Structure formats: C-alpha cells, structure tokens
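J.: Structure below; questions to follow.
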Amino acid sequence: MTDKELVLQVRNGNQHACRFLVAKYQGLVNHMVRRILLRNDVAEDICQDVFMKVFIRLSAFRGDAKLSTWIATIAYHTSLTELSRIKWRKDTSAEMLPLASVPVSYEPVHVFETEELKKILLAMIESLPVHYRTILTLFYLEEFSYREIEQVTGLPEGTVKSYLYRARFLLKGKLEKIQQNERAEIFVG
Amino acid sequence: MKEPKYLWDNTEEGSGNSINELLDQVLKSDCLIPLSDDFADRMAAKVVKRHILKQSLSEFLVYVGVILLAVLIFCAVFYFTSPEAWSRWENVLQPRWNLIVGLAVTGGFVFFADRVILPWAISGREKGSSFS
C-alpha cells in the first residue's frame, strides 16, 4: 500500500489503516523522540501526542512531501517543544536513558567487548547537541536524504551536511582517544 | 590468561578504517528502547474514539439546530397567523415555564446521551470496527 492510499484509507475512517500507519511509522517517531528528549519516562506519551497530531492534521497533508518526512517533522517539533518545557521545569528527578548513564570517561580495560564499546559510543551520541543527534538519527538510522532532513529540521542543506560531518568528526575523535588509551594499555601490559 | 580481544586493527593503517566501520555500525544500529507491543492498537483505538466523538457531536449539534429552527418557525407562524390563540397559549405556558425548561433540558440530555455519550462509550469495546 502506498502512502497516498494509506492516507486515503485513514481519512475514510478505516481502523485497520490507522493501526497500519502507526505500526509503520512508530519506529521513526520513537527514534526521534528518544534521541531528542533522552528520557524514557515521557517518550511513549510524547509518541502518542505525535500520532494524535498526525491524525488531527492528516486532512492538511497535501502529499507534496513523503509521509515519513511529514510525520518526522511533527515528531521533531513536538519533541523540541517538550525538550524546552523539560528544560524550563528543570526536572532533575527524571529517569534518564540507561545508555546515557554510561560514563563517557572510561577505563581502557573495559573496552574489550563490542557491546561495551557500543554503549560508550551511544552515550557519546547522547552527549552531542540536540541538532547533531537528530541529524545523525535521521541520516543513519532512518536513511533520510539531505533534502528530507532539510524539510524536517528546516536547516539548510549545507548546514545539515556540516552538522553531520562535525558530529561524526567529534565521535571519531573520541573513539581515537579510546584507541590511543587501548594502545597504551598494550604497551604497558 | 585470556587474551584481550581488541575491537579494531591496532596497526596505524588499519585503525582509521576500523573506526569508521565501527561508527557506521553503531550509528545504523537500533539500540533504543522500542515502544510497547500494543502501542499501535491502543493508538488506533484512541483515534477511533476521538473520531466517533467528533462525528456524533457534530451530528447532535445538527439535530439540535434543526429542532430549534423548526420550533422557532412554528412559533413565528403561530404568532403571526393567530395572535389570540398565541396569547391564550402564552397564558397557559408562562406560569409553567420552569416545568417546560426542565422538560427541555431533560429531553436534551437524554438525546445527547443517546447520540453522543453512548456511541463514544461503546466504541472502545468494538474491536476491529470501522469508524466511518
């Protein structure tokens, strides 16, 4: 079923189409919300808000952009609004993502196993600024093009490319530091 | 002693490539906590309920509008065609205005419950139904 057919079915009031739409795009919305907010306690509620907005505004969907881009735009703006609300409240008692609790400072001896390093890398991604995190998620995880990321975030294509390069550069730099520590460990050992 | 397993090629030439590969691997992997299994079902049910409420509320408002318009037209025609009969009825109804308002409000609530509250309450129980 194409996106146009799906939208038509949902507009006609087909409950199965509603369920199908949510199932198809819940991964995208979940990734965006969690990567932007970095909070598990509110993520599911925000995902619900996003989908409610999607259904309410579906009549305004003209089909100029892909449905995934349109939904990602709603998820992006909803998450940013919630993020600023959270910052305003300064709610420090919130439960953070378990991955974010992994210390970015590490001991080289702990970096032997792939899973351990993946956790450290994910914590590094979460320590990046929100725009970098969003762009990395859209580009690598959701495989959006530069043009689509531009439509979602409203950032010019050049800025998107530059943020993507800088985010990768930062992560690579941090990884190289781990590698150097590991080499030193071999040398000492 | 167990030999430590290093994740990348520790030679200078191989390290750049292995870091890039590792980065790609992590960036493309879905390590985030997924939504609950029944998320799509709950979301669809919520949307259906909301749609039914919106639809039945607008239907109710149309019905109320039509009924009020009909009453208004009837009163206007009655008032202009036979003013004597109108004043007779006015004398009968005016002392009982609280009874009439009470009946109208009760009737309106029963109608509202039948057209809006009941379909909305039942909609959550009917699984797999279309809401068109």
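J.: Can you spot a residue in region A:157-173 that is part of a helix (DSSP H, G or I), facing another protein chain (nearest Cβ under 10 Å), over 25 Å from residue A:29 (Cα atoms) and basic (Lys, Arg)?
T.: Within region A:157-173 (the criterion being part of a helix (DSSP H, G or I), facing another protein chain (nearest Cβ under 10 Å), over 25 Å from residue A:29 (Cα atoms) and basic (Lys, Arg)), the answer is yes, since at least one residue qualifies.
J.: Could you give me the residue pairs with C-beta distances under 8 Å whose first residue belongs to region B:57-70 and is in contact (Cβ under 8 Å) with a residue 40 or more places away in the chain and over 16 Å from residue B:118 (Cβ atoms), whose second residue is assigned to a helix (DSSP H, G or I) and not aromatic (Phe, Trp, Tyr) wherever it lies, and which are 6+ apart or on separate chains?
T.: From residues that are in contact (Cβ under 8 Å) with a residue 40 or more places away in the chain and over 16 Å from residue B:118 (Cβ atoms), the pairs are B:64/B:108.
J.: Could you say whether any residue in region B:104-125 is closer than 30 Å to residue A:46 by Cβ and part of a loop (DSSP other than H, G, I, E, B)?
T.: There is at least one residue in region B:104-125 that is closer than 30 Å to residue A:46 by Cβ and part of a loop (DSSP other than H, G, I, E, B).
J.: Among the helices (runs of 4 or more DSSP H) contained in region A:1-73, which hold 1 or more residues that are within 21 Å of residue B:50 (Cβ to Cβ) and either at pLDDT 90 or above or acidic (Asp, Glu) (or both)?
T.: The qualifying helices (runs of 4 or more DSSP H) are A:15-37, A:43-57.
J.: Mind telling me which of the residues B:111, B:80 ends up being surrounded by 11 or more Cβ atoms within 10 Å (Cβ to Cβ) and of a type in the set (Phe, Trp, Tyr)?
T.: B:111
J.: Related question: Check off (1) small (Gly, Ala, Ser); (2) within 14 Å of another protein chain (Cβ to nearest Cβ); (3) over 25 Å from residue A:53 (Cβ atoms) for residue B:123 and give me the number that stays unchecked.
T.: The failed condition is (3).
J.: Among A:26, A:15, which is the only one that is within 9 Å of another protein chain (Cβ to nearest Cβ), under 25 Å from residue B:28 (Cβ atoms) and either out of contact with any Cys (no Cβ under 7 Å at 6 or more places or on another chain) or of a type outside the set (A, V, I, L, M, F, W, C) (or both)?
T.: Among A:26, A:15, only A:26 is within 9 Å of another protein chain (Cβ to nearest Cβ), under 25 Å from residue B:28 (Cβ atoms) and either out of contact with any Cys (no Cβ under 7 Å at 6 or more places or on another chain) or of a type outside the set (A, V, I, L, M, F, W, C) (or both).
J.: Looking at region A:98-140 only, could you name the residues that are farther than 14 Å from residue A:175 by Cβ, open to solvent by 30 Å² or more (accessible area, probe 1.4 Å), at pLDDT 75 or above and within 11 Å of another protein chain (Cβ to nearest Cβ)?
T.: Within region A:98-140, just A:139 meets the criteria.
J.: If we scan region A:78-95, do we find a residue that is over 30 Å from residue B:18 (Cα atoms), within 14 Å of another protein chain (Cβ to nearest Cβ) and modelled with pLDDT of 90 or more?
T.: Looking for residues that are over 30 Å from residue B:18 (Cα atoms), within 14 Å of another protein chain (Cβ to nearest Cβ) and modelled with pLDDT of 90 or more, one finds at least one in region A:78-95, hence yes.
J.: Also, I was wondering about something else. Please determine, by comparing only the residues of region B:27-41 that are of a type in the set (D, E, K, R) and at the interface with another protein chain (Cβ under 8 Å from one of its Cβ atoms), which one is surrounded by the most Cβ atoms within 10 Å (Cβ to Cβ).
T.: Only one residue tops the list, namely B:41.
J.: Hey, another quick one. Would you say residue B:50 is within 11 Å of chain A (Cβ to nearest Cβ) and surrounded by 10 or more Cβ atoms within 10 Å (Cβ to Cβ)?
T.: yes
Per-residue answers, yes or no, for (1) free of Cβ contacts under 8 Å to residues at least 24 places away in the same chain; (2) under 17 Å from residue B:57 (Cα atoms):
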{"residue": "B:78", "(1), (2)": "yes, no"}
{"residue": "B:82", "(1), (2)": "yes, no"}
{"residue": "B:87", "(1), (2)": "yes, no"}
{"residue": "B:93", "(1), (2)": "yes, no"}
{"residue": "B:98", "(1), (2)": "yes, no"}
{"residue": "B:109", "(1), (2)": "yes, yes"}
{"residue": "B:119", "(1), (2)": "no, yes"}
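J.: Check region B:66-79 and report whether any residue there is small (Gly, Ala, Ser), touching a Phe, Trp or Tyr at 6+ places or on another chain (Cβ under 9 Å) and over 18 Å from residue B:107 (Cα atoms).
T.: No, because not a single residue in region B:66-79 is small (Gly, Ala, Ser), touching a Phe, Trp or Tyr at 6+ places or on another chain (Cβ under 9 Å) and over 18 Å from residue B:107 (Cα atoms).
The values are calculated or read from the model by the stated rules, or taken from the named source; none is laboratory data. These numbers come from a predicted model, not from an experiment. With ideal geometry, Cβ positions are generated from the backbone for all residues, glycine too; neighbour counts draw on all protein chains shown. Protein only, heavy atoms only, side chains kept; ligands, DNA and RNA dropped before computing areas. Shrake-Rupley method; radii C 1.70, N 1.55, O 1.52, S 1.80 Å.
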